[in-house]
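The values are calculated or read from the model by the stated rules, or taken from the named source; none is laboratory data. Keep in mind that what you see is a predicted model, and the values were worked out from it rather than measured. Neighbour counts are summed over all protein chains in view; Cβ atoms, including those assigned to glycine, are modelled from backbone coordinates with ideal geometry. In case anyone asks, the SASA skips ligands and DNA or RNA and just uses the protein heavy atoms, side chains included. Shrake-Rupley method; radii C 1.70, N 1.55, O 1.52, S 1.80 Å.
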Amino acid sequence: MNKNQLAYEVHGSGETVVLIHAFPLSKKMWAEQVRLLAKKYQVVTVDLPGFGQSPPQSRPSIALWAQAVALVLDELKIAGPVFIGGLSMGGYVVFEFFRQFPTRVRALGLFSTRAKPDTEDQKKKRGELAREIREAGLGALANSMPAKLVGKSTETSAPRLLAELKSAIEAGSSQGTADALLAMAERADSSDLLEKICVPALIVAGAEDKVIPVSEAGDMQKKISGSDLHVLEKTGHMVNLEQTEIFNTLIENFLQKVFS
Ligand code: MLT
């Protein structure tokens, strides 16, 4: 835990790879990537405020969360540019990190995420859900969200993953989860940033994503010059958990090119 109270873990040594988790999970979702990548890189995973071991912050905001990640790197004395990748909400933080600290970024990973902001309707729904969670806890979200997070194919092929996601959501904090919904609703539009991204970018999306349409990934790829897009068949939102082997190969090959 550092001075802004963000819990983090560091594994391995070498060039730095930072991974930011999705909503409403924690750094634990990267366990299989950490296991592989820590053999060659220094892998840093963080719990965003209000998730995992990190306490909620008084003013939840994606922009402040990106600053909190930068403070972790300061504390670790990581001066050189890093690979920073995030899944979905983690991707929103990655965009903010690039906006605020472009010189600290060597390459980006944009997994099941989007640059566009919420519509008014999405903001309203997030507000309603946040209210429900504050009043009644995480039970309803833990029951409904796992089936949204994975693709139709995974729903039938890997019911164990759904059960794991349910437990992970139940283990979260109501306040942190509700705060994150409001932080996501208020996030900046990153569409204009895409054409300014001048570092290598790995984009991975699932063809069966029910949370963020896969077309968003194609839109990002067109605007980020030289970016790599991989759409995984029979895969939903949780690309790293649903297709661990394929995802690991993609990220490993990408990092090999970036850091060689
Ligand atoms: C996530 O997976 O991080 C969230 O579902 C993203 C979102 O709700 O926009």
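Values as computed for the structure displayed
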| item | result |
| --- | --- |
| Contour minus Cα-Cα distance for residue 144 and residue 186 (0.36 nm per residue) | 12.8 nm |
| Solvent-accessible area per residue, Å², over region 1-139 with all protein chains present [probe radius 1.4 Å] | 41 Å² |
| Shape metrics for the chain, restricted to C-alpha atoms - Rg then Dmax, Å | 16.8, 51 |
| Along principal axes, Cα extents of region 76-142, largest first, whole Å | 44, 27, 19 |
| Extreme residue, positive dipole direction of region 20-148, given options 69, 139, 98 (C-beta unit charges) | 98 |
| Computed over region 20-155: relative contact order in percent, which uses C-alpha pairs under 8 Å that are six or more apart | 20 percent |
| Cα-based radius of gyration of region 132-226 once divided by 2.2 N^0.38 Å, which approximates compact folds | 1.33 |
| Inter-label distance, nm, simple model (7 Å from Cα along the C-beta direction), residue 5/residue 99 | 2.4 nm |
| Dipole of region 199-260, positive direction: furthest Cα of 203, 226, 255, with charges on the beta-carbon | 226 |
| Segments 133-141, 164-172 sorted - mean Cβ within 10 Å per residue, highest first | 164-172, 133-141 |
| Semi-axis lengths (Å, descending) of the ellipsoid that matches the C-alpha gyration tensor of region 65-209 | 28, 19, 16 |
| Considering only the chain, percent of DSSP beta bridges that pair antiparallel, nearest 5 | 15 percent |
| Cα-based Rg and Dmax for region 199-260, where Dmax is the largest Cα-Cα distance (Å) | 11.7, 36 |
| Solvent-accessible area, 1.4 Å probe, carbon plus sulfur percent, for the chain | 51 percent |
| Charge tally in the Cβ shell below 14 Å around residue 215, where Lys, Arg are +1 and Asp, Glu are -1, residue 215 excluded | +1 |
| Net charge of neighbours whose Cβ lies under 12 Å from the Cβ of residue 105, counting Lys and Arg as +1 and Asp and Glu as -1 | +3 |
